[in-house]
Structures are given as structure tokens and as C-alpha cells.
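Visitor: Here it is, the structure in full.
The values are calculated or read from the model by the stated rules, or taken from the named source; none is laboratory data. These numbers come from a predicted model, not from an experiment. Reconstructed Cβ throughout: ideal geometry from the backbone, glycine too, with neighbour counts over all protein chains shown. The accessibility values were calculated without ligands, DNA or RNA, using every heavy atom of the protein model including side chains. Shrake-Rupley method; radii C 1.70, N 1.55, O 1.52, S 1.80 Å.
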Amino acid sequence: MHRILWVVVAVAFVVGFVVPSDSVEEAPGECPPRDTRVVAPYAVTGYWVIPRADPCVTRRMVEAIHAIGGDTLVTFGPRFSVGAEPGCVVDGRPCADVPGVRHVYTYVTSEEFGPGLLRCPGLDRRIESDGRIFYRVSLATSCDARVHDLVLIATDGDGLGNLMTEAAAYGMKVFPGLPAAPQQAGKPWEPDLAHLGALNAFTTRVVADYQARFGAAFAGVYQSFELAMRTRSAKDPIIALYAAQHAAVASALPGTKILVSPYIDARRGRGFPPDQVEPGMADIAGTRAGLPMAIAVQDGRGTGKVPVYALNEREARVEARLVPMVGEVTYAQAYYGSTRDYIEAAARRVPPGVELWVNVEGFEPTQVAGECGRVEPLPLRGRPSKARLDRQVMATGTGVQKIISYGWEPFFTCQARYDTPSLADDIVREWRQPIIVNVTPKEMNGRPGVLVEGFNLRGGTLRFGSQVIEQEWHGRQGRLESAWAPYLPTSPSTPVTATNEAGETSTTPYVMP
């Protein structure tokens, strides 16, 4: 854990060293000054992060993300667990030892709450016990209630507050995670709905506290309980959880955006085909309780559940990093389709009130020798290359509004050795490389040609197979650039690459249909 913290600081230092800071100096003894410039704007603009109690570590982490074009930060919500926190003692007695308690819940987090969370004098308290900070919170609707549920909150500091402070300074947005529902014993993939009332009461208190404490950097909340974006049963427990908890958010803070990141699974025999994506997305959208919602579909490449391949590679053997997941077979034998097939299915009919995002998984399914990545919690995960991440961005197509990634630590910050670059370092060095997300035939001024859409396309040439043609037009709309060249496709499955005015070339060809 200490090595991960050091790496976060080291990555930020490298970025700051490459581009000297022009920030205003701060008083001696405080954190180093902020550098608020964006030096390497990459296509991925949001990341999952871990709140840190150290404000200086937080500053350098946020600075490093902002430097590569990040404008959005997401945190997981702590688990709302059944049972008492054993380390909490007040006035010589366990903190949960109060009259009328029906259920005791524990919430271990990295944030400090405001006084608005404490409503019942004497019962609701902020407690310092054995060097730790706790909050004791009654969920009773009235402080005179004879029977009530109790939450014991344990915190290691105000990591979320630090994150909000730094995000605001860099002009970024944060989606803190909602309290995550208790899990079914023996079925951790399902919520325990027996405690839904207590969870919703606590959610309402937490969100109201966010409203009181956080300013412009507060973008909304992230729904941490995971589900698959597929056809679901009429009495699905996760959908029931979503509907109830999102209604609690709407009652406490109308207009709050809900971020959800469902997964897809294309593995034959274990997953589901792309045609289940649309009804699955509709079910999720139906839980938004009138709130705006962003659905950031996990692209599945990091877990190996969904592959990224070109149109002409369906009968090719799966790449080596996917073999441990599906065996030495072809893509067609192992999977129902590619990431692009699933994202296109989602984009065909986005429900009202919903934005379609993509969560490109910034890791490999397993580690190989000499590779850094995640050691715990299991399973082991390796870090991807910049070119692999580019391929994932290519698969998102044109129908999504934003690309985010799980997760910043350790995958973008770890180093195989102290003197080797991290993935974040590679992005700083190679961010100008073009990424093509779509190619379509298009006439311009009566001339046949091809329109290429993507990132970092301005100037230079487009290569179609062995033929290189100068770009004759360039435009930009929203997050994507477009480039046009007079070319008439002569054969199917033509590979297309771009070389821009900076002399950088696409890391992977885009194959035309």
C-alpha cells in the first residue's frame, strides 16, 4: 500500500517535471503548489480513484489525472454492513450500547461528516476512541422513538473532503459512491433487501450532508452495487435496490445525477448476446426516479469477458492475454461478439434522461512475469499498454458522450521497476497519437471520399491499405474530430490509419466494413 502511495506522488512529479509549474506559490510548510495545466489531453476523461486522508497525496493524484485531460473522478461507496464496529467505545461502554436498538450497522469510510448528520442530541455523536474517529448515528425518524436502528461510522480521515477540495481547484467533478448495500450471505452478488429501509434512511442522511458540505465539484453519486446490463427478471433484487435507493437520493437531493457502471459478458455459455443490452439498459434507466443518469458500460476487455477485435478478426485466434479466460480458440468460438457490438447495441436506443458513457477497463485479466498491477484484492490483474487502451477507445464508436476508466490506482500509476514508466507516463509521452473510432464513405462537394472520426486527427494523411492520401478537410463536433480524404474503397476490410500534423500515427489500424 505504501508503495502505491509513493507511485502516485512520483507520477505527478514526473508530469510536473516535464512541464514546469506556473502555479502561484503557497505558504511554506503546505503542500507543493498546484499546476493546473492540461499537458497531455487523452481520450479518457474520468477515473475511479481511492480517497486519501493525506491532502498532499490527494493533490498530486488529482494533478496527475488533470494533466492528462481528466475532468471527472469517481469513488466506490463503502459497504453498509450488518453488525457493530468493535473498536468504538464511549464513556467506558461500547458505542452501540444504547436503549432501544433493533439493528446495528457499520460503515467504514474515508470521510468526515458535517454536523447536519447528527440530529439527536446525546445519541448522535462524533466520538474519538483509541485514536480513531467514529460517528454514532440513529436512523430513527424521531429522536423520541423507542426502537431504532443505529449506524457506527469509522473513518481514517477526510479523504473525500480532500478530493472535493482538489477537484474544485482543478475545475473537476466528483461522483462519490453511494453507501453500498449489504450482501446476501452466500450470494454476495445480490443485495440483502431485508435491510433496505435502513440503507435508504442512511443514504438520505449522507446525500443531504453532501449537499450541505460540497460545492461545484459535487457532480452526483455513483451506484456501487454492480449488475449485468442484460435482460433481467421482473423481480430482480438489484433492480429493486436501485429503484429504492435512487428514490431516496431523489427525495434528499432532487436533480442529482446518478452514475451506474453495469458490466457486459460476451463469453459463450456464461454471458449473453448483444441483443440483451437494450432491454437491460432500459431496466436500469427505469430506476432513476426522475433523476438524470449516466450509464457507463464496462467494456469487458480488462476482465476478459468481452474482446476487442476488428471486423476481419472474428475467425482469428484470441490474443494471448485472453487465453487464460477462454482457451486457445477463435473469437467466434469464445464470444458472442466484440465490445463494439455491445456498445453499438446500447447506442441504438438510449432511454430518455440517460447519457451513454463507456468505462474502458484499464487492466489485463491476469499478470505476466515482470508486470506490475493489482496484487490484492484477488484476482491478480496486470496493467495494459497505451496501445491496448487505444484499441479500447476505438471500440467505443461515435454514440457515447464520455469515456472513463477503472481504475487509476494501481493500473495507471504502477511501475515494473522504479526506473520504468507507468501507463500515465506513457500517455504523457504518446497522447498525440491518433485514435480512429469510425470510418464511413461520404461525398463532399460531389466527390466520393471517406470520413474518419476520432481523436488527434488534424492535418497530415490518411492511409487506406497501401494508399496514402492527404486530408482535405478537418472539423470538430463535441469530443470528436473528423477528417475527410477523397478515396473510393476498392475492397472490403481495408485497414485505415491516420498520421497527423505532429507526425504521430495510429497505434492500431481501423478496419472499414
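Visitor: I'd like the residue in segment 230-270 that is of a type in the set (Lys, Arg), surrounded by 16 or more Cβ atoms within 10 Å (Cβ to Cβ) and at pLDDT 95 or above and, out of all such residues, is farthest from Pro307 (Cα to Cα).
Guide: We begin by selecting, within segment 230-270, every residue of a type in the set (Lys, Arg); these are 230, 232, 235, 257, 267-268, 270.
If we keep only those that are surrounded by 16 or more Cβ atoms within 10 Å (Cβ to Cβ) as well, we get 230, 232, 257, 267.
Next, from what is left, pick out any that are at pLDDT 95 or above: 230, 257, 267.
Working: Arg230: 17, Lys257: 30, Arg267: 9 Å.
Ranking the qualifying residues of segment 230-270, first place goes to Lys257.
Visitor: What are the residues in segment 208-217 that are within 23 Å of the chain's Cα centre (by Cα) and either acidic (Asp, Glu) or in a helix (DSSP H, G or I) (or both), if any? Steps first, please.
Guide: Taking segment 208-217 first, the residues within 23 Å of the chain's Cα centre (by Cα) are 210-211, 214-217.
Once the filter is applied, which keeps residues that are within 23 Å of the chain's Cα centre (by Cα) and either acidic (Asp, Glu) or in a helix (DSSP H, G or I) (or both), segment 208-217 yields Tyr210, Gln211.
Visitor: Same structure, new question: Could you please let me know if Arg349 is touching a helix residue (DSSP H, G or I) at 6+ places or on another chain (Cβ under 7 Å), open to solvent by 10 Å² or more (accessible area, probe 1.4 Å) and basic (Lys, Arg)?
Guide: Details: touching a helix residue (DSSP H, G or I) at 6+ places or on another chain (Cβ under 7 Å): yes; open to solvent by 10 Å² or more (accessible area, probe 1.4 Å): yes; basic (Lys, Arg): yes.
Here the answer is yes, as Arg349 does meet what is asked.
Yes/no matrix, rows are residues, columns are (1) modelled with pLDDT of 95 or more; (2) more than 26 Å from Thr420 (Cβ to Cβ):
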position	(1), (2)
Phe17	no, no
Glu25	no, yes
Gly29	no, yes
Ala40	yes, no
Asp54	yes, no
Arg59	yes, no
His66	yes, no
Gly69	yes, no
Thr72	yes, yes
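Visitor: May I pose another question? Tell me the residue from Ala40, Ala53 that is assigned to a loop (DSSP other than H, G, I, E, B), farther than 23 Å from Asp158 by Cβ and not charged (D, E, K, R), please.
Guide: Testing whether each residue is assigned to a loop (DSSP other than H, G, I, E, B), farther than 23 Å from Asp158 by Cβ and not charged (D, E, K, R) leaves just Ala40.
Visitor: Working only within segment 214-229, note down all residues that are in contact with a Phe, Trp or Tyr (Cβ under 8 Å, 6 or more places away or on another chain), farther than 21 Å from Ser81 by Cα and open to solvent by 20 Å² or more (accessible area, probe 1.4 Å).
Guide: Once the filter is applied, which keeps residues that are in contact with a Phe, Trp or Tyr (Cβ under 8 Å, 6 or more places away or on another chain), farther than 21 Å from Ser81 by Cα and open to solvent by 20 Å² or more (accessible area, probe 1.4 Å), segment 214-229 yields Phe218, Ala219.
Visitor: Taking the options Ala310, Ala282, Ala347, name whichever one is closer than 25 Å to Thr398 by Cβ, of a type outside the set (Val, Ile, Thr) and under 20 Å from the mean Cα position of the chain (by Cα). Steps first, answer last, please.
Guide: Working: Ala310 fails: under 20 Å from the mean Cα position of the chain (by Cα); Ala282 fails: under 20 Å from the mean Cα position of the chain (by Cα).
Ala347 is the lone residue from the list that is closer than 25 Å to Thr398 by Cβ, of a type outside the set (Val, Ile, Thr) and under 20 Å from the mean Cα position of the chain (by Cα).
Visitor: So which strands (runs of 3 or more DSSP E) are wholly in segment 106-207 and hold at least 1 residues that are under 22 Å from Pro55 (Cβ atoms) and open to solvent by 40 Å² or more (accessible area, probe 1.4 Å)?
Guide: Numbers: elements: 125-129, 132-138, 148-155, 173-175, 187-191.
Fully inside segment 106-207 and qualifying: 125-129, 132-138, 173-175.
Visitor: Taking segment 61-98, which residues are open to solvent by 60 Å² or more (accessible area, probe 1.4 Å) and either without any contact (Cβ under 8 Å) to a residue 40 or more places away in the chain or not in a loop (DSSP other than H, G, I, E, B) (or both)?
Guide: Arg79, Val82, Pro86, Val89, Asp91, Gly92, Arg93, Pro94, Asp97
Visitor: Right, next: Among the small types (Gly, Ala, Ser), over 16 Å from Phe411 (Cβ atoms) and open to solvent by 20 Å² or more (accessible area, probe 1.4 Å) - does that describe any residue in segment 37-50?
Guide: From segment 37-50, those among the small types (Gly, Ala, Ser) are 40, 43, 46; that's our starting set.
Checking which are over 16 Å from Phe411 (Cβ atoms) leaves us with 40, 43.
Remaining after also requiring open to solvent by 20 Å² or more (accessible area, probe 1.4 Å): none.
Taking every residue of segment 37-50 in turn, none turns out to be among the small types (Gly, Ala, Ser), over 16 Å from Phe411 (Cβ atoms) and open to solvent by 20 Å² or more (accessible area, probe 1.4 Å).
Visitor: If I filter segment 357-381 down to residues being in contact with a helix residue (DSSP H, G or I) (Cβ under 8 Å, 6 or more places away or on another chain) and part of a strand (DSSP E or B), which single residue comes out as farthest from Gln415 (Cα to Cα)?
Guide: The qualifying residue farthest from Gln415 (Cα to Cα) is Val358.
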